[in-house]
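What follows is one structure encoded as structure tokens, with my remarks underneath.
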Amino acid sequence: MPQIANGTGVNATAPATVELTPASPSTTTTAPNSSVSITVPNTSGQVTFSLVVTDNLGVKSPPATATVNIQAAPTARLTATPNTVTPGGAIELSGSGSSSSGSIASYTFTVENPA
């Protein structure tokens, strides 16, 4: 693992990036590495993480927890005006009814069944 300066002049191991899943719900690190970067589950809502530390005598701490709110996926809404047009005519596509709990960064319009 790469070494990084921890601000005190002492090198520490960089956090590992891991993905926790129902099949693999936990990971263990060895001191001095006391953190991991987590790829959050592909879901929305609240997810609770817990930590138990074990000392050099094998004694375990009670769990500490942290709850994280995972932003929901945006909702796309598409309107076409007019919705009937002659060949070669023009229409306007609008995604203005789309929403997000964050902010929408882009709109991608695609023709699904071109002639």
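The values are calculated or read from the model by the stated rules, or taken from the named source; none is laboratory data. Everything numeric in this text was worked out from a predicted model, so none of it was measured. So basically every Cβ, Gly included, is an ideal-geometry build from the backbone, and we count neighbours across all protein chains shown.
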Yes or no: Leu51 more than 25 Å from Gly97 (Cβ to Cβ) and of a type in the set (A, V, I, L, M)? yes
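I'm trying to understand the selection: among the residues of segment 20-37, which are in a loop (DSSP other than H, G, I, E, B) and at pLDDT 80 or above?
Result: Pro25, Ser26, Thr27, Thr28, Thr29, Thr30, Ala31, Pro32, Asn33, Ser34, Ser35.
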